[in-house]
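Heads up, the thing below is written out as structure tokens.
Bear in mind that the values in this text are calculations on the coordinates, not laboratory data. Please read these numbers as outputs of a predicted model, since none were measured by experiment. As a convention, Cβ positions derive from the backbone with ideal geometry for all residues, glycine included, and neighbour counts pool all protein chains shown.
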Amino acid sequence: MTDTAQTPVIQLKDVNKHYGPLHVLKDINLTVDKGEVLVIIGPSGSGKSTLCRTINRLETIDSGQILIEGRPLPQEGKALAEVRAEIGMVFQSFNLFAHRTILDNVTMGPVEVLKTPKQQAQDEALVLLDRVGVKEQAAKVPAQLSGGQQQRVAIARSLAMHPKAMLFDEPTSALDPEMINEVLDVMVGLARDGMTMVVVTHEMGFARRVADRVVFMADGAIIEEGAPEEFFTHPKTKRAQEFLDSIK
Ligand code: ADP
Ligand code: MG
């Protein structure tokens with residue numbers, strides 16, 4: 001019998017992927033438990049984005065297994081679309097629909113995919129926009145908002161789908177410095193509310209404060225993982241130490 005309390009929300013088993021000759025993911029084993037916040041750090045080009053993208057099959061894998069709540073990630077079709085809808089993804093670029101209002105951006109998914117009645121979707125969207133601090137911008141289009149505001153809309157849009165987990169791939173790295181904290185604060189709030197999260201970030205303050213576990217990747221492999229305090233103060237590998245020194 002499956003014990004859902006024990007089944008990881010996301011599990012990768014011996015995952016390998018190549019881009020031609022490049023072995024971009026090497027025997028990746030990873031579990032993310034319900035309510036856990038996993039932070040992935042590592043040098044540019046180490047495979048962090050590719051790893052995130054395999055989790056909802058924006059990238060295929062060559063071997064290994066990806067399980068969502070214990071079930072293999074579907075390969076295609078409606079079943080895949082359903083799993084994708086359950087795993088929110090927030091990218092470095094906000095990817096909002098430029099010609100739709102902020103409110104529309106947040107309601108489109110629920111209306112079209114979840115078949116939520118429009119009025120209900122709008123009511124829920126306004127609650128979410130309020131939660132991320134941009135409710136006043138609901139009638140505007142994305143270009144009228146700052147980068148930080150747009151990224152908070154992108155988070156609200158993901159939340160509107162009632163995701164089981166959220167993936168964040170460097171959500172603040174395209175933002176002006178003064179806008180980084182307003183986005184991180186929203187993410188801290190989500191973590192505190194118990195959202196299951198995978199976060200690729202260079203924001204070490206955030207990682208120290210919020211992560212339950214830190215994973216360090218280099219050259220397509222997980223080199224080290226551990227509790228944030230332990231990892232940041234006593235990294236076990238020279239590779240991680242060098243990386244931490246380089247970003248200080
Ligand atoms: P990170 O997010 O850690 O910076 P990525 O996952 O984006 O790393 O990239 C890992 C490696 O895979 C890099 O060497 C990158 O150039 C390469 N790569 C990423 N996407 C592709 C692609 N679509 N085709 C070929 N190579 C790719
Ligand atoms: Mg990346």
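Tabulated data for the structure shown
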| quantity | calculated |
| --- | --- |
| Cubic angstrom per residue, convex hull over Cα atoms of region 7-105 | 142 Å³ |
| Under-5 Å amide H pairs with E224, H placed in peptide plane, nonlocal only | F216 |
| MRE, 222 nm, helices only [DSSP H, n ≥ 4, -39500 (n - 2.57), over the chain, to nearest 500] | -11500 deg cm²/dmol |
| For V90, distant residues with modelled amide H under 5 Å away | L167, F168, D169 |
| Inter-label distance, nm, simple model (7 Å from Cα along the C-beta direction), S146/L80 | 3.9 nm |
| Spatially close lysines, pair count over the chain: Cα under 19 Å, gap of eight or more or interchain | 14 |
| Percentage of interatomic Cα-Cα distances in the chain larger than 32 Å | 21 percent |
| Using θ = phi - 60° and Karplus 6.51 cos²θ - 1.76 cosθ + 1.60, couplings along region 106-120 (whole Hz; Gly, Pro as x) | 7, 8, 4, x, x, 5, 7, 9, 8, 6, 6, x, 4, 4, 5 |
| Principal-axis tilt of helix 77-86 within the chain, Cα atoms, nearest 10 degrees | 90 degrees |
| In Hz, Karplus ³J(HN,Hα) per residue of region 197-206 (6.51, -1.76, 1.60; θ = phi - 60°; x = Gly, Pro) | 9, 10, 10, 8, 7, 9, 7, 5, x, 4 |
| Exposed GluC sites (Glu not before Pro) absent: longest stretch of the chain, with sites in DSSP loops and at most 16 other Cβ within 10 Å deemed exposed | 77-248 |
